[in-house]
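Step one of this worksheet: look at the structure below.
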Amino acid sequence: MSNSQGKIVVNADEWTLSDRGFQKAPDAATLAINLAKYFVGNEKGKFHVLSNNWGLTESSLEETMIKSGHTWTKGMNIQINIATLSQYDGIFIGGDPIDNQVLIEYVKNGGKVYLGAATSEVGAEIEANNWNTFLAAFGLKLEKLDDSVSEKAAVNKSHPLFSGVKTLYQDRDMQIIDLQPDSPLNQIILTNSNGQGLMATAEFIKVPVPKPLNGRIVVNADEWTFSDRGFQKAPHTATFAINLAKYFVGDEKGKFHVLSNNWGLMESSLEETMTRFGHTWTKGMTIPINIATLSQYDGIFIGGDPIDNQVLIEYVKNGGKVYLWAGTGQGGSEIEANNWNTFLAAFGLKLEKSHNTVSENLVVNKNDPLFSGVKTLYQDRGIYIIDLQRYSSLNQIILTNINGQGLMATAEFIKTPVPQTAIETTPAIEPTVDVTPAPEPAIESLVSDSEEFTITATQDVTISKLVYKGEVKRTQSDEYIEISNLGNSSANISGWKITSGGSLKQFFTFPEGTILEGGKSFRVYTNEVHPETGGFSYGSKSAVWNDAGDEAKLFDAAGNNVSTLAYGKNTVAGITQEFKVSQLKFVASYGVINKQMALGGTVTFTEALSLAIRSFLEDDSNVKSPLALILKDPVAFGLSSRATKAMATEKLRSFMNENGTLSLLPTAKRSTGENGETVEKNWIFELSLGAFGETTFYTVVPR
């Protein structure tokens, strides 16, 4: 596509660009040329009419576009998905309904859409409903027009689309409503004599998402998936490739290199897909295999040809991204597994030394961003993948066969200030949380939505590790929590308490005279005594830490909560999953949360986060809340006029998953709540949703 700014032009009538429209108002040709320029600038565009409606398929429009040098195709016989639509600079739609969610994503990815309405094929109300979910996402809405227009409409607004255009033909059309009149991104550009909207534009400006700083790995048990045959067998393969690039570099354009001679990586379909989306794609084993060279690439693709595992490990730990496919048969499955398992084991994964018997299009059976819009992928006798650290959220199996055996997996390495000590060592089955952030990092690191994390209000004493599932059956007596002094001076932690968020009865108090030296750690076991780590124990006959998720809290002698460690269902990912908004983007740095924890209070960060999301989804008492706005005008948001609160909540939930961002104040733009509330006394959250344009919403949770 020509650029990353999505654009929409809505015409309340289909006659304008029909043959009759060209005859009645010759300026229609000028409008068509301006429209193409609005979409692609001075370039030559590649346009497709995704409609059978005569208003878009007749010859005058086509001849005008082709004469201007643009590519013009027509028909409903193409696949309607992001991978296919993204091949076009713009699509022209009308009459024939199109999946609104696909259209929304297409525009948000820089696509351009011209919509001709009032085709009368199904009636005004049904036709409006066919498009209003799409339009509402960009601040517009279609309605039946009571005062019909059947004339050459004089252009009465100034807009680049109307340069050289004085009149356009309209015949019994609909009207367009601007849902966000204060936004500069959407506007009515043509009205009738009663001021009702006949033509409108909307734009979507995509804010670039920085490349992920963390190292990432995607392992595929088979090389056939990205081969030409894989693309032919499973058309969603192109979408998977696009998702993979986004997983590696966000919304930027990546620089990728295939460090392999294996045909499964070298064939044309994958390369064409990546380059079509603006990524740089090079291939070959002729480059030096060292950190200096690999670090020039955002991601490398490997398979078949062995690569120095230690170089790969260091590359990932420095933020590199690796896609590895196995099952190539080079050297046999045992040798192939050995070629990669030192590398994979450093990040909690392993290849089994035997082939599976899968040879088919596999139905995607796991929910992961890599599979957005992907239903099937092709595999042919690959190797099984084992998750060595199944209790860690940093590595996971994301695709399995019918027997539950791993066919695709991901692993992530979190860079400083969240060091992954457990992953850096030889992987053990021991489920360990060891992710203490360095105090006050020079570069503010954002809290990940999927990692176990520690938040520490002090600069020295903190929860540094939690082994929350012991190997001793039933009692799990070997569980432990580790408290570390990161400073240089000794700390008196007499009377300090450790509690489990899941149970107020589960607490441990350090006895009088407990001194924790600088750079040292104590461990408190569930029901074991280890003198070498302090000799502390809960003395509990049953497990202290909930295997599914919990929040460990450390309080000083004065009762101040100085450190918390969340894992499992108590992480950001666990909380958003509980409320079914797992795609909601959360933005807050460790530094911001640490400073606010230091202000005191009884409500922890994760407790506040949970209350905030619940408030947005359930509270309609504030007329300015997103839920109340949807209930006030449900039709504008693609719902029926009789929509219930439950229906409105589900619509809001879909908006939060589509393009929602939840931020913890203070941010660069704002430091107080909507009514002047301060962070000194409250946790304040700001919610922005693509469907509401630049309008933001706030919720306040007293500390």
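Please treat every number below as a calculation from the coordinates, not as lab data. Quantities reported herein were computed from a predicted structural model and do not represent experimental measurements. Every residue, glycine as well, gets a Cβ built from its backbone with ideal geometry; the counts of neighbours run over all protein chains shown.
Structure values in brief
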| quantity | calculated |
| --- | --- |
| Residues Ser295, Ser641, sorted so that the one with the fewest Cβ neighbours within 10 Å comes first | Ser641, Ser295 |
| Relative contact order computed over the chain (Cα-Cα under 8 Å; 6+ residues apart), in percent | 9 |
| Computed magnitude of the charge dipole of the chain (debye, nearest 20; Cβ of K, R +1, Cβ of D, E -1) | 340 |
| Cα-projected label distance for Asp178 with Glu578, points at 7 Å along beta-carbon direction, nm | 4.3 |
| Prolate/oblate/rounded label for the range 224-305 (Cα gyration tensor, a/c 1.5) | oblate |
| Segments 402-411, 16-25 sorted - mean Cβ within 10 Å per residue, highest first | 16-25, 402-411 |
| Within the chain, longest stretch free of exposed GluC sites (Glu not before Pro) [DSSP loop, at most 14 other beta carbons within 10 Å] | 44-443 |
| Mean separation of Cα contacts under 8 Å (6+ apart) over length of the range 285-348, as relative contact order % | 34 |
| 14 Å beta-carbon shell around Phe226, net charge (K/R +1, D/E -1) | -4 |
| Cβ-Cβ FRET estimate between Asn338 and Asn52, R0 fixed at 45 Å, reported to 0.05 | 0.20 |
| Extension gain, Ser158 back to Gln23 (0.36 nm per residue minus Cα-Cα distance, nm) | 46.3 nm |
| For Gly693, net neighbour charge (Lys/Arg +1, Asp/Glu -1) across residues whose Cβ lies under 12 Å away | -4 |
| Packing-based exposure ordering (other Cβ within 10 Å, fewest first) of Trp281, Trp263 | Trp263, Trp281 |
| Rg/Rh for the range 608-702, where both radii come from Cα atoms and Rh is the Kirkwood radius | 0.98 |
| About the Cα centre, charge dipole magnitude for the range 608-702 (Lys/Arg +1, Asp/Glu -1 at Cβ), debye | 140 |
| Relative packing of peptides 560-569, 230-239 - highest average C-beta neighbours within 10 Å first | 560-569, 230-239 |
| Nearest-0.05 FRET efficiency for Glu43 and Val363, computed from C-beta distance (R0 35 Å) | 0.30 |
| Among (1) 24.3, 77; (2) 28.1, 116; (3) 28.8, 95, the entry derived from the coordinates for Rg and Dmax of the Cα atoms in Å | (3) |
| Calculated [θ] (222 nm, deg cm²/dmol) that DSSP helices of n ≥ 4 give over the chain, each run adding -39,500 (n - 2.57) | -7000 deg cm²/dmol |
| Euclidean distance between Cα centres, the range 69-87 to the range 256-296, Å | 27 |
| Sparse-neighbourhood loop sites, trypsin sites (Lys or Arg not before Pro) in the range 651-684 - DSSP loop, at most 16 other Cβ within 10 angstrom | Lys669, Arg670, Lys681 |
| Neighbourhood charge, 13 Å Cβ-Cβ cut-off, centred on Ala491 and excluding it, Lys, Arg +1 and Asp, Glu -1 | -2 |
| Cβ-based charge dipole, the range 1-160, positive-most Cα from Val40, Met65, Ile80 | Val40 |
| Options Thr462, Val592, Phe536, ranked by Cα towards positive dipole end of the chain, top entry (Cβ charges) | Val592 |
| Dipole axis of the range 608-702 (+1 Lys, Arg; -1 Asp, Glu on Cβ), positive-most option in Thr696, Asn659, Ile630 | Ile630 |
| Segment Ile78-Met285, extension gain: residue separation times 0.36 nm, minus the distance between their alpha carbons | 70.8 nm |
| Crossing angle, helix 645-659 versus the chain [Cα axis fit, 0-90 degrees, rounded to tens] | 80 |
| Quarter of Cα convex hull surface for the range 6-204, i.e. mean projection, nm² | 9.6 |
| Over the range 213-297, relative contact order from alpha-carbon pairs under 8 Å, at least 6 apart, % | 31 |
| Scattering profile of the range 215-413 at q = 0.08, 0.10 Å⁻¹ [log10 I(q)/I(0), Debye over alpha-carbon scatterers] | -0.22, -0.35 |
